[in-house]
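> I have a structure I would like to understand better, so I am pasting it below and will then ask my questions one at a time.
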Amino acid sequence: MKQVYKRDLERLWQTISEHFELYLPLEQDGKVNFMPWKQGENVNIDRLKTDLSPKNIIFPPTETYLKFRTVNKRLCFESVGGKNDKYVVFGMRPCDAASYSILDKVFLQEPIDRFYEERRTNGIIISLACSEPEETCFCSSFGIAADNPVLGTDIAAWDIGESILWQPKSEKGKKLTGILDNILQDTSEHEIIALERLQQSIREKLAQLPWVDLDLEIISNNMKEMFESKVWEELSKSCLGCGVCTFVCPTCHCFDIQDFGAERNGERFRCWDSCMYSDFTRMAHGNPRKTQTERFRQRFMHKLVYFLNNNGVYACVGCGRCVEKCPVNMNIVKVIKKLGGD
Amino acid sequence: MSCNCQKNVDSLIPQVAVIDSIRKETADVATFRIITPAGGKSFDFLPGQCAMISIPPIGEAIFSITSSPTEQRFLEFSIKKCGSVTECLHSMEIGSEVGIRGPYGNHFPVNDVLRGRDLLFIAGGIGLAPLRSVINYIMDNRRDYGTVDIIYGARSPEDLVHQEDIMNFWPKQINTKVHLTVDRAVDGWSGHVGFVPSYIKELGLANNKVALVCGPPIMIKLGLQALEQVGFKREQIYTTLELKMKCGVGKCGRCNIGDKYVCKDGPVFRCDELQQLPDEY
Amino acid sequence: MDKTTVRMQQIALQTLANGEVDVILGWKKGDEWYDSYPVVINDINETAELIWDAFCVNNLSKYLITELKKNLRIGVFLKGCDSLAFNQLVIDNRIDSERVVIFGLPCPGMIDPQKVKHAGLNKGLLKVERTGDKIVFITKEGVKEYIGRSFDYDKCLNCRCPNPVVSKYMLSDAVTRTDEEQYFPDVTEIEKMPLEARYDYWTKQFSKCIKCYACRNICPLCSCETCVFDNIAAGVSSKADADCEQQFFHIIRAYHVAGRCVDCGECSRVCPVGIPLEKLNRKIIKDINQLYGDYTADTDIAKSPPLGTYKVDDFDPFDGSKQGGKK
């Protein structure tokens, strides 16, 4: 276990950025999001969660992955996706780091998505435990420990006031720790006690949260029965069909593929898409999900049933962003409660 | 500068392919024969599988492969004009280049379940395209399979695709019968008139066959009912489905029926398995 | 229970029971203090769950177009700003006002849960009550009282219409606001910027857009059956995260609601990345007022909308003789 004093943080970031691209939670116009850092930026590591999830780092909102051109009637394709730069993300919360391990199940499954793989391999994630979990947090329902970053984490970190404790969890994490040897300090008994105290306090706060008892087990695992449930119509009535829940969600990963350009020269990109949108499944000869009720159902069935069946985990980490951002206060917590025969 | 020599090339990157010939089937269906720039087919596959064809800068669309896996010289696709990519394909000339990637999805169980069995193919309109791949594969391995009955219907005689196969080639094969039907009587058509589902019942075929069904959604639905009425069990029936697809590899998230992705777990489904899935296709 | 809530439940019960309306658009309370959410009810037993509090921010006139397709007569609870949108939908011929019964709710302002959170008051918070500008926070530990509007949504601080301009039943006394704000300070601030700075400002703002379309979908006046941005055939459905696409979307949208926007501020409220969309709309409102005379047609449906009518002496910015440019 190492530590970095808060007065040394700027120096730490500076050193990291000499070797890597560095992403930090930056505050701009009142919103905090992970963005590439340079000196003088307004870093905010106290805000519990960023407004948008950091999934954009490994799964960009738009990624041009193919360039095409026609020369003498001959078509040429060039693969241009992925990212070679090595980077570090500092201050990601355990739920968001865990979401990376969920996205891995989609993109690193055969056939492996090489662009995603490249981004994942090149990144080092420093995950910061949540000293102050919020009332919209329900990560514990998904087995994520806010006091102990593990999933998707290369280095676990804890803010104990004067310093940030630093514990490498992977080979990549150990390497970075080596590079930062002259900034990171050794810890003593004192810090270990402080860490235990912090973790204890986090667990106590988690136990006080309103959704601590949210139980996924209450959801039936009968796919057809769930699909045909009457709750979808009722719950989806107020849904406006925007895509904010899917875009702020760290685990939503549906994408579209489109071409851009002229006949002789252009590119193909993929971009975030949303199952909430009416054109998501629309074909020339019809649409299997004609109404918002069907689209709404798809989103939650995917997260709570389909993804679980296929990958053994739920496609939710309980970050609570959808809870805060839905314009009409509809969210996965309500869906879970309702499905449990509430 | 095709990037296909790179290692770790992503499955979303197409190869270049050339349109070798275009055969007009009906007013809005044509069969495109596609080869690599050096000649030969772009990849091996099994009957029922699909490929993504791209026409920059219009985009990509997925199609079932209609040629037989036994055909080494080319891949064939029978494509109906019904969207921007297909419109563009239909306007292309022989020698034009397109992108192709695949093969995608599962296939009809030609190497196990279907072996030695009597087979019943039921197709409507352009739905013959994926079944033709199976039928021609079977014709090239004729001794491995039992009798073959092909029920094929379209709106009118002009809408029947692959006329050479249905009129001349298949009927001449051993133990193979082709039953054609059109929706409405027209001058010059001396064959059967009526919808495919009712024709299934009229024919009074033995119900110990394995049935392979493909066509428009309503024909599949009523066709299945007809098969069940004449004593087929759902376990004996295979069908192939089509939903909107973008990636073809089970990641983009839009072609699912319940927890199954049509592009990856399908497009071929056994009907009893399909029954376990939510009704959303 | 809050007096207005009692009145709300009574009137809903009464109008449903006597057949004056077939369904009611209102709000119910979820389990959390900030969770008041829109509902459509037709069961009289559910009327007892309707509530009115400082979180009923959703504009229920948004649901009228769809619900009027399914129901003959609808009862709807509308705040001041909501009633402006209602009038505009009537002017746009999108709804039949004869089939709608309005229950008016004078509104002292809605509370922004994010402001409560940033003030650290959300810990253990159970309930928030508001009477005028008195706000009571009921927590597990006890009760805290605040006077003032520091927790109001920004959009409510600019409110020009706290009282419904149209209603059949008014549910409480009118709210009087003496602290009239200067109406367009934010617009004036941007107008003062040099052209390039203004361009940079908006480019930076639009570049934050993630194309979630929450602004469009919450907008009571974005009422097209199929939005051009959802129409594949229109060739503009690109979801690309490219600056030009985002600018295109927001500017087209601003122009499509020009002269119809009632400045309810919902677009800015729901934007997850904080684009100040209301400034764009308010600039257009300010210009329309300047060019065509004060327009408040949403408060009076008898007046004709300036961008929907033509007069020969209308200001014509495309007329070269007045604008300079090449002749």
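> List the residues of region B:24-63 that lose 30 Å² or more of accessible area once all protein chains are present, compared with their chain alone (1.4 Å probe, heavy atoms only, no ligands or nucleic acids).
Buried-area filter returns B:Pro56, B:Pro57, B:Glu60.
> Further question: Nearest 20 debye, what's the magnitude of the dipole of region A:267-342 about its Cα centre given +1 on Lys and Arg Cβ and -1 on Asp and Glu Cβ? Walk me through the numbers on the way to the answer.
On the way: 14 positive and 6 negative charges, 21 e Å.
Dipole size: approximately 100 debye.
> In square angstrom and rounded to 100, what buried accessible area do you get between chains C and A, total over both, with the probe at 1.4 Å? Kindly include the intermediate steps, with their values, before the conclusion.
Values: alone 17160 and 17050 Å², together 30750 Å².
Approximately 3500 Å² gets buried when C meets A.
> Can you give the local net charge around A:Lys86? Use residues other than it whose beta-carbon is closer than 13 angstrom to its beta-carbon, Lys and Arg +1, Asp and Glu -1. Let's see the in-between values first.
Details: positive: A:Lys83, A:Arg119, A:Arg120, A:Lys172, A:Lys175; negative: A:Glu18, A:Glu21, A:Asp85, A:Glu118, A:Asp154.
Net of charged neighbours comes to 0.
> When the accessible area of the protein assembly as shown is split by element with a 1.4 Å probe, what percent falls to carbon and sulfur?
On the way: 19800 of 39760 Å².
Carbon and sulfur: 50 percent of the exposed surface of the protein assembly as shown.
> With axes computed from alpha carbons, what is the tilt in degrees of helix C:80-91 against the longest principal axis of chain C, rounded to the nearest 10 within 0 to 90?
Helix C:80-91 sits at roughly 60 degrees to that axis.
> What's the lysine pair count for region C:185-313 at a Cα cut-off below 16 Å, pairs eight or more apart or interchain? Could you put the intermediate results ahead of the total?
Working: C:Lys192/C:Lys279; C:Lys192/C:Lys283; C:Lys192/C:Lys286; C:Lys204/C:Lys279; C:Lys208/C:Lys239; C:Lys208/C:Lys279; C:Lys211/C:Lys239; C:Lys303/C:Lys311.
The result is 8.
> Using a cut-off of 9 Å between beta-carbons, work out the net charge of the residues near B:Gly125 (Lys and Arg +1, Asp and Glu -1, B:Gly125 not included).
Values: positive: B:Lys80, B:Arg155; negative: B:Asp159.
Net of charged neighbours comes to +1.
> Sticking with this one: Which whole-Hz ³J(HN,Hα) couplings does region B:126-134 yield from phi under the Karplus relation 6.51 cos²θ - 1.76 cosθ + 1.60, θ = phi - 60°, glycine and proline marked x?
Calculated HN-Hα couplings, in order: 5, x, 5, 3, x, 6, 4, 4, 5 Hz.
> Moving on to the next point. Which FRET efficiency, nearest 0.05, do A:Ile193 and A:Tyr5 yield, Cβ-Cβ r, R0 22 Å?
On the way: r = 17 Å, r/R0 = 0.79.
After rounding to 0.05, the efficiency reads 0.80.
> 222 nm [θ] for the protein assembly as shown, helices only, -39500 (n - 2.57) per DSSP H run of 4+, per residue, to 500?
On the way: 30 runs with 264 residues, N = 950.
It comes out at -8000 deg cm²/dmol, rounded to the nearest 500.
> Measure off 7 Å from each Cα along the Cα-to-Cβ vector at C:Ala17 and C:Lys123, then give the distance between these two points in nanometres to one decimal.
Spacing of the two 7 Å Cα→Cβ label points: 4.7 nm.
> Same structure again: Starting from the Cα of B:Ala206, move 7 Å in the Cα-to-Cβ direction to define the label point; list residues of region B:111-133 whose amide nitrogen is under 13 Å from there.
B:116-120
> Cα-Cα over 31 Å: which of C:Lys70/C:Lys123; B:Lys80/B:Lys251; A:Lys2/C:Lys117; A:Lys73/B:Lys172? Could the numbers behind the result be given before it?
Numbers: C:Lys70/C:Lys123 42 Å; B:Lys80/B:Lys251 26 Å; A:Lys2/C:Lys117 33 Å; A:Lys73/B:Lys172 42 Å.
From the list (C:Lys70/C:Lys123; B:Lys80/B:Lys251; A:Lys2/C:Lys117; A:Lys73/B:Lys172), the Cα-Cα distance tops 31 Å for C:Lys70/C:Lys123; A:Lys2/C:Lys117; A:Lys73/B:Lys172.
> Within chain C, what percent of beta bridges assigned by DSSP are antiparallel, to the nearest 5? Don't skip to the answer; put the middle values down first.
Numbers: 19 of 30 bridges.
Bridges in chain C are about 65 percent antiparallel.
> OK, next. Please give the solvent-accessible surface of A:Asp29 in Å², to the nearest 10, using a probe radius of 1.4 Å with every protein chain present.
90
> Given labels modelled 7 Å from the Cα in the Cβ direction, how far is it in nm from C:Ala233 to B:Gln275?
Going from the C:Ala233 label point to the B:Gln275 one covers 4.0 nm.
> Search the structure for amide H atoms under 5 Å from the amide H of B:Ile237, placed 1.01 Å from N in the peptide plane, and list their residues when 5 or more places away or on another chain.
Those lying under 5 Å, H to H, from B:Ile237 are B:Ala211, B:Cys271, B:Asp272.
> Residue-wise, which Karplus ³J(HN,Hα) couplings in Hz belong to region C:143-159, taking 6.51 cos²θ - 1.76 cosθ + 1.60, θ = phi - 60°, and x for glycine or proline?
Each residue's phi maps through the Karplus curve to give 10, 10, 10, 10, 10, x, 10, 5, 9, 5, 4, 3, 4, 6, 5, 9, 4 Hz.
> For region A:217-339, what does the accessible surface come to per residue with a 1.4 Å probe? Please give it in Å².
Working: 4140 Å² over 123 residues.
Roughly 34 Å² per residue, with all protein chains present.
> For each cysteine in chain C, check whether another cysteine's C-beta sits under 4.7 Å from its C-beta; list those where none does.
C:Cys56, C:Cys107, C:Cys156, C:Cys159, C:Cys161, C:Cys209, C:Cys212, C:Cys224, C:Cys227, C:Cys244, C:Cys261, C:Cys271
> Across chain C, where is the longest run that never hits chymotrypsin sites (Phe, Trp or Tyr not before Pro) in a DSSP loop with at most 10 other C-beta atoms within 10 Å?
Numbers: sites that count: C:Tyr310, C:Phe318.
Of all site-free stretches, the longest is C:1-309.
> Please list the non-local residues whose amide H lies under 5 Å from the amide H of B:His179, H modeled 1.01 Å from N, same-chain partners needing a gap of 5 or more.
B:Ile150, B:Ile151, B:Tyr152
> Can you list residues whose amide H is under 5 Å from A:Gln28's amide H, if they're 5+ apart or on another chain and H is modeled 1.01 Å from N?
Residues meeting the amide H criterion: A:Asn33.
> Between beta-carbons, use under 11 Å as the cut-off and find the net charge around C:Gly308, counting Lys and Arg +1, Asp and Glu -1.
Working: positive: C:Arg260, C:Lys303; negative: C:Asp92.
Spelling it out: positives minus negatives among the neighbours equals +1.
> Turning to a different aspect of this structure: Please give the helix C:195-207 orientation as an angle from the longest Cα principal axis of chain C, in degrees from 0 to 90, rounded to the nearest 10.
Long axis of C:195-207 versus the principal axis of chain C: about 50 degrees.
> Taking only C-alpha pairs under 8 Å that are 6+ residues apart, what is the relative contact order of region A:217-339 in percent?
Numbers: 143 pairs, mean separation 37.7, N = 123.
Relative contact order of region A:217-339: 31 percent.
> Just grab the label-to-label distance for B:Phe43 and A:Cys76, each label 7 Å out from Cα along the Cβ direction, in nm (one decimal).
Distance between label points: 2.4 nm.
> Over region B:119-240, what is the percentage of antiparallel beta bridges among all DSSP beta bridges, to the nearest 5? Intermediate results must be reported in sequence, preceding the final value.
Numbers: 0 of 23 bridges.
Counting only bridges with both partners in region B:119-240, antiparallel ones make up about 0 percent.
> Another question, then. Per residue of A:317-328, how many C-beta atoms from partner chains lie within 10 Å of its own C-beta, taken as a mean?
Numbers: counts 0, 0, 0, 0, 1, 0, 3, 5, 6, 4, 15, 13.
That works out to 4 on average.
> Reachable lysines from A:Lys38, Cα under 17 Å, same-chain residues fewer than 8 places away excluded?
A:Lys86
> Would you work out which of B:Val210, B:Ile135, B:Trp189 lies farthest towards the positive end of the dipole of region B:119-240? Charges go on Cβ: Lys and Arg +1, Asp and Glu -1.
B:Val210
> For peptide C:31-37, compute the average count of partner chain beta-carbon atoms within 10 Å of each residue's beta-carbon.
Numbers: counts 6, 8, 2, 5, 6, 2, 7.
For peptide C:31-37, the averaged partner shielding equals 5.
> Return a whole-number percent for the relative contact order of region C:185-313, with Cα pairs under 8 Å and 6 or more residues apart as the contact set.
Numbers: 98 pairs, mean separation 33.0, N = 129.
Across region C:185-313, relative contact order equals 26 percent.
> At a threshold of 8 angstrom on Cα-Cα distance, excluding pairs fewer than six apart, so keeping six or more, what relative contact order does chain A reach in percent? Show your work: numbers first, answer last.
On the way: 605 pairs, mean separation 70.2, N = 342.
Worked out over chain A, it gives 21 percent.
> Only sites in a loop by DSSP and with at most 11 other Cβ atoms within 10 Å count here; which GluC sites (Glu not before Pro) in region B:9-83 make the cut?
Numbers: sites: B:Glu25, B:Glu60, B:Glu71, B:Glu76; in loops: B:Glu25, B:Glu71.
Hits after loop and neighbour filter: nothing returned.
> Just how large is the dipole of chain A about the Cα centre, in debye to the nearest 20, putting +1 at every Lys and Arg Cβ and -1 at every Asp and Glu Cβ? List each step's numbers first, then the result.
Working: 45 positive and 48 negative charges, 265 e Å.
Computed about the Cα centre, the dipole is about 1280 debye.
> A further question follows. What GluC sites (Glu not before Pro) does region C:220-292 have in DSSP loop regions with at most 11 other beta carbons within 10 Å?
On the way: sites: C:Glu225, C:Glu245, C:Glu266, C:Glu278; in loops: C:Glu225.
Counting only loop positions with at most 11 other Cβ atoms within 10 Å, the GluC sites (Glu not before Pro) in region C:220-292 are C:Glu225.
> Something else about it: Would you mind checking the tilt of helix B:217-229 against the longest principal axis of the Cα atoms of chain B, expressed as 0 to 90 degrees and rounded to 10?
40
> Further, regarding this structure: Place a point 7 Å from Cα of B:Glu158 in the direction of its Cβ. Which residues in region B:184-208 have their backbone N less than 15 Å from it?
B:184-189
> Another question about this same structure. Please give the contour-minus-distance gain from C:Asn42 to C:Thr139: 0.36 nm per residue of separation, less the Cα-Cα distance, rounded to one decimal in nm.
On the way: separation 97, 0.36 × 97 = 34.92 nm, distance 3.39 nm.
Taking C:Asn42 through C:Thr139 to full extension adds about 31.5 nm, to one decimal.
> Lys/Arg Cβ at +1, Asp/Glu Cβ at -1, dipole of region A:217-339 taken about the Cα centre: which of A:Cys254, A:Leu235, A:Tyr306 is farthest positive-ward?
Checking the options against the dipole of region A:217-339, the answer is A:Leu235.
> What residue among A:Pro327, A:Cys316, A:Gly340 has its Cα farthest toward the positive end of the dipole of region A:290-342, where the charges are +1 on Lys, Arg and -1 on Asp, Glu, each on the Cβ?
A:Pro327
> Across peptide C:63-70, what mean number of C-beta atoms from other chains lies inside 10 Å of a residue's C-beta?
Details: counts 4, 0, 0, 2, 1, 0, 0, 0.
Counting other chains' Cβ atoms within 10 Å and averaging over C:63-70 gives 1.
The values are calculated or read from the model by the stated rules, or taken from the named source; none is laboratory data. Keep in mind that what you see is a predicted model, and the values were worked out from it rather than measured. Cβ: placed from backbone, ideal geometry, glycine included. Neighbour counts: every protein chain shown. When the accessible area is computed, the model is the full protein with side chains, heavy atoms only, and any ligands, DNA or RNA have been set aside. Shrake-Rupley method; radii C 1.70, N 1.55, O 1.52, S 1.80 Å.
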